[in-house]
1. Quick one: in the stretch 146-163, which of the residues that are of a type in the set (Gly, Ala, Ser) and more than 25 Å from Ala409 (Cα to Cα) is nearest to the ligand (Cβ to nearest atom)?
2. Tell me the residue from Val101, Val11 that is touching a helix residue (DSSP H, G or I) at 6+ places or on another chain (Cβ under 9 Å) and surrounded by 19 or more Cβ atoms within 10 Å (Cβ to Cβ), please.
3. Could you please tell me which pairs satisfy a Cβ distance under 6 Å, a separation of 6+ or placement on different chains, a first residue in the stretch 138-158 that is in contact (Cβ under 8 Å) with a residue 12 or more places away in the chain and under 14 Å from Gly122 (Cα atoms), and a second residue that is in a helix (DSSP H, G or I) and within 14 Å of the ligand (Cβ to nearest atom)?
4. Here is a check on your reading of the model: is Leu317 surrounded by 20 or more Cβ atoms within 10 Å (Cβ to Cβ) and over 24 Å from Ala412 (Cα atoms)?
5. Touching a helix residue (DSSP H, G or I) at 6+ places or on another chain (Cβ under 8 Å), among the hydroxyl-bearing types (Ser, Thr, Tyr) and at pLDDT 95 or above - does that describe any residue in the stretch 415-426?
6. Being over 21 Å from the mean Cα position of the chain (by Cα) and either over 22 Å from Val256 (Cβ atoms) or within 15 Å of the ligand (Cβ to nearest atom) (or both) is the filter here, so list the residues in the stretch 184-197 that pass it.
7. Six or more apart or on different chains, Cβ atoms under 6 Å: show the pairs whose first residue is in the stretch 47-58 and surrounded by 13 or more Cβ atoms within 10 Å (Cβ to Cβ) and whose second is not in a loop (DSSP other than H, G, I, E, B).
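The values are calculated or read from the model by the stated rules, or taken from the named source; none is laboratory data. These numbers were taken from a predicted model, which means no experiment stands behind them. Neighbour counts run over all protein chains shown; Cβ positions are idealised from the backbone, glycine included.
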Amino acid sequence: MDLERWVGQAVAANREWAAEFGPFDPHPSLEVSDERFGAAFAEFTGRLADNYPFFHPRYAGQMLRPPHPAAVVGYLTAMLINPNNHALDGGPATARMEKEVIARLAQMFGLDTHLGHLTTSGTIANLEALYVARELHPGRGVAFAAEAHYTHSRMCGVLGVVGTAVEADAAGRLDISALDALLATGRIGTVVATAGTTGLGAVDPVHEILAVARRHGVRVHVDAAYGGFFTLLAGQGDRAGLDPAPWRAISQCDSVAVDPHKHGLQPYGCGAVLFRDPAVARFYLHDSPYTYFTSTDLHLGEISLECSRAGAAAAALWLTFRLLPPTPDGLGQVLAAGRRAALAWSALIEKSDVLKLYQQPELDIVSYFPVTEPATLSRIDQASERILQAGMTGPDPVFLSTLRADAGAFLARHGSVRDDAAGARILRSVLMKPEAESYLPHLHERLEQLARG
Ligand SMILES: Cc1ncc(COP(=O)(O)O)c(C=O)c1O
């Protein structure tokens, strides 16, 4: 699609709608001439040049990519009105769009019943899930894997809940026997399973966690902020297909967080939380004398902790889902390409004499490190840092990210490396753009050059 054309259409559509309300005098205090704006804009775009090229496949670092053009146009068009999805009084059209996209996400996870809403981030989505966990099991703690996102221990602190980290197995997944022993103490009310860890993209065995938790009368929240859309690849027969067991189990869990601003092609400001039991709405009960007055239908602010939220975020997701729905044939194809790229790159790294695979990718995150002589943690750490910096600053740049692996985790995967330090940085690439697949030969060649120094 032609972004310039549709951005123009967004402005035209807004103008046409606004004209229905009749003319009024613009206020001089807001007047800005094109000349003044032009100067400020030139400075502004100059400042923005100080950025990494997230759009390009040579950026193979963190979970960053621009939104789909459809999301850009959807966001911009709604933003020109600037609805607030807190209440139907603030944005009736976009609040209805939000309810529809939430229903689609619930359907994607196979939830028969749901209560949910968008949030500004995965952090807030997870906070809400932990808040409900605390209300349902006051006095009992929350367990999460040692490899879970740091937000869980942080938000336990905010909520005054005891958070306990459960050790990870050699693949970076929550260790089931350690969890079983912890839950037997009766101290835990909710366990967090991560469907796609931030560091390595490891998928906790949600189905096994659910079975253990239910045996102990414990709830399960799934943090699928990063990995959630990969459920579209569950049980798919091709190379990108995933073991369906953990993904199917999400439908039986108590809550799930997923971030459309990661793998849902959205701009930032778009997370989501879904609860299986709509009755948890009672924990959100509050009065708001200045909102909730135009309709007796559910106002989204009545079931969320945040007040103001961008209606434009719901609009962008709604428009994107019209074109790339959360189905295996829609958005699933975008994720499948990134996953195939991760598998293909891992195969190339395994054959390399200068790079080594840290572990097999489960989703689209590739973890690897340079071969060093001697093979010690400190040398690997230095070489990873050198490649990261040289990649960004040299000719034909590549942009990577690093991940700190502690000595125990490193040696569990690569026993022949000498642990002369507490850990080492390794290299990490999230291949979340489908274009990574065709760019891969070049990326790999450049990485090998950098590794050779
Ligand atoms: C698994 C997981 N949970 C939570 C978060 C936090 O989400 P956000 O950055 O949207 O607040 C992330 C971010 O990368 C994540 O990967």
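1. Going through the stretch 146-163, the residues of a type in the set (Gly, Ala, Ser) turn out to be 146, 148, 153, 157, 160, 163.
Restricting the remaining residues to those that are more than 25 Å from Ala409 (Cα to Cα) gives 157, 160.
Details: Gly157: 16, Gly160: 20 Å.
Per the stated criteria, the residue is Gly157.
2. On the way: Val11 fails: surrounded by 19 or more Cβ atoms within 10 Å (Cβ to Cβ).
One residue alone meets the criteria, Val101.
3. Once the first residue is in contact (Cβ under 8 Å) with a residue 12 or more places away in the chain and under 14 Å from Gly122 (Cα atoms) and sits in the stretch 138-158, its partners that are in a helix (DSSP H, G or I) and within 14 Å of the ligand (Cβ to nearest atom) give Thr151/Thr123; Thr151/Asn126; Met155/Leu127; Met155/Leu130.
4. Numbers: surrounded by 20 or more Cβ atoms within 10 Å (Cβ to Cβ): yes; over 24 Å from Ala412 (Cα atoms): yes.
In short, yes.
5. No, that holds for no residue.
6. Going residue by residue through the stretch 184-197, those that are over 21 Å from the mean Cα position of the chain (by Cα) are 184-190.
If the condition is that a residue be over 21 Å from the mean Cα position of the chain (by Cα) and either over 22 Å from Val256 (Cβ atoms) or within 15 Å of the ligand (Cβ to nearest atom) (or both), then Ala184, Thr185, Gly186, Arg187 are the ones that fit.
7. Between residues of the stretch 47-58 that are surrounded by 13 or more Cβ atoms within 10 Å (Cβ to Cβ) and residues that are not in a loop (DSSP other than H, G, I, E, B), the close pairs are Tyr52/Tyr59; Tyr52/Phe399; Pro57/Ala436; Pro57/Tyr439.
To keep it simple, each residue is scored yes or no on (1) within 13 Å of the ligand (Cβ to nearest atom); (2) more than 15 Å from Val101 (Cα to Cα); (3) surrounded by fewer than 22 Cβ atoms within 10 Å (Cβ to Cβ).
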{"site": "Ala257", "(1), (2), (3)": "yes, no, no"}
{"site": "Ala272", "(1), (2), (3)": "yes, no, no"}
{"site": "Phe283", "(1), (2), (3)": "no, yes, yes"}
{"site": "Gly301", "(1), (2), (3)": "no, yes, no"}
